[in-house]
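Input: a single structure, listed below in structure tokens.
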Amino acid sequence: MAQDNSSRVTEFILLGLSDREELQLLFFTLLLLAYAMVLLGNLLIIVTVRTDPKLSSPMYFLLCNLSFIDICYTSVTAPRVLVALLSGHKAIAFEGCMAQLFFLHFVGSSEMFLLTVMAFDRYTAICRPLHYTAIMARGVCWALVAACWAGGFIHSMVQTALMLQLPFCGPNTIHSYFCDAPPVIRLACADTALTEWLMASNSGLISLVCFLVLVASYALILAKVRARVSQGKWKVLSTCASHAMAVTLLFVPCIFTYLRPAGTLLTSKYVSVIYTIFSPMMNPLIYTLRSKEVKESMWRLGKHCRAF
């Protein structure tokens, strides 16, 4: 669909979570606290893992990378929405909108791949303990993390390319607090049926396939430890439970959001709060509260800091 430059949308208006003025301060306070918890909690995990030689196993190496991804993921959306709530300025340039969409999918899909790798790590440690050191060597871990980032980059390039080929000539009001494919594609001045299905196949299937792989890995782990009657069995179950909780918070809302063509379901913007803010905020609590080693290391780190 050809169009001249004068009819092209140059900016979008993000309506946010609500247009009620009396709720803006409440949303700002809640989001600011959540973002602060994301930063502090995940930075604490990174510092703890990096400074304690006892936390040198592949599981903690991957957990450190997950915390870094969570910081990046929330930082794609949270700072801008906080500024918008405080200043009332809701406009975002077209280029800025596309950049936000790109980095959101880049980091978000990288996290999905990384959680899948973490499940593989737990499966190997529990079901193939004699080969664990060889399979999850440090070089292999680095290669797996690099593959997660590369997979996220490829996915995001495809998603952004599909969006950029669409014409936008008005309206320019986005019923969300950040730029994402489902709310933005509804504003295109063209038939988007094919593009919607391609995007659903891209983002939705990635979410679904990774989720099914994770469920299968946990099922295999549980089948392996079911016959064991020992203290180690409960430790395995506790670890799997914490991972399953983190997986559910991220994947279920993403499947709901992306595994369907873009529609008019405005509740999607509230569902997106779960995987863009709530999930990265809860990950440090889920993993640290379930890990005795991390809690002991944090305690030693705190004592060391107080000594200075």
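The values are calculated or read from the model by the stated rules, or taken from the named source; none is laboratory data. All values derive from a computational prediction rather than experimental measurement. Quick reminder, even Gly has a Cβ in these numbers, built from the backbone with ideal geometry, and neighbours come from all protein chains shown. We work out accessible area using only protein heavy atoms, side chains counted, and drop any ligands, DNA or RNA first. Shrake-Rupley method; radii C 1.70, N 1.55, O 1.52, S 1.80 Å.
Things worth noting here:
- Highest-fluctuation residue, 167, 53, 284 considered, GNM on the chain with Cα pairs under 10 Å: 53
- Cα-based shape type of the stretch 100-163, given that a ≥ b ≥ c are square roots of the gyration tensor eigenvalues and the cut on a/c is 1.5: prolate
- Rounded tilt (10° steps) of 58-87 against the dominant C-alpha axis of the chain: 30
- Solution diffusion estimate, µm²/s, Stokes-Einstein, the chain, Kirkwood Rh from C-alpha pairs, 20 °C, viscosity 1.002 mPa s: 103
- Degrees between helix 205-225 axis and first principal axis of the chain (Cα, 0 to 90, nearest 10): 20
- Here the chain has 70 percent of its accessible surface on carbon and sulfur atoms, given a 1.4 Å probe and all protein chains in place.
- Between 0 and 90°, nearest 10: helix 279-290 axis offset from the chain longest Cα axis: 10
- Using the Cβ-Cβ distance between residue 271 and residue 82 with R0 set to 22 Å, the FRET efficiency from 1/(1 + (r/R0)^6) comes to roughly 0.65.
- Remark: the stretch 1-123 projects, on average over all directions, an area of 10.9 nm² (convex hull of Cα atoms).
- Comparing 86, 31, 17 in a Gaussian network model of the chain where C-alpha atoms under 10 Å apart are linked, the largest mean-square fluctuation is found at 86.
- Surface/4 estimate of mean projected area, convex hull on alpha-carbon atoms of the stretch 139-199, nm²: 5.1
- Peptide packing: for 132-143, 56-67, the average count of neighbouring Cβ atoms within 10 Å per residue gives the ranking 56-67, 132-143, highest mean first.
- Within the chain, helix-based [θ] at 222 nm, where runs of 4 or more DSSP H residues each add -39,500 (n - 2.57), nearest 500: -24000 deg cm²/dmol
- Probe 1.4 Å, accessible area per residue of the chain, Å²: 49
- Working from label points 7 Å from Cα in the Cα-to-Cβ sense, the residue 216 to residue 93 distance is 4.5 nm.
- Net charge of neighbours whose Cβ lies under 14 Å from the Cβ of residue 148, counting Lys and Arg as +1 and Asp and Glu as -1: -3
- Once both labels are positioned 7 Å from their Cα atoms along Cα-to-Cβ, the gap between residue 138 and residue 190 label points is 5.0 nm.
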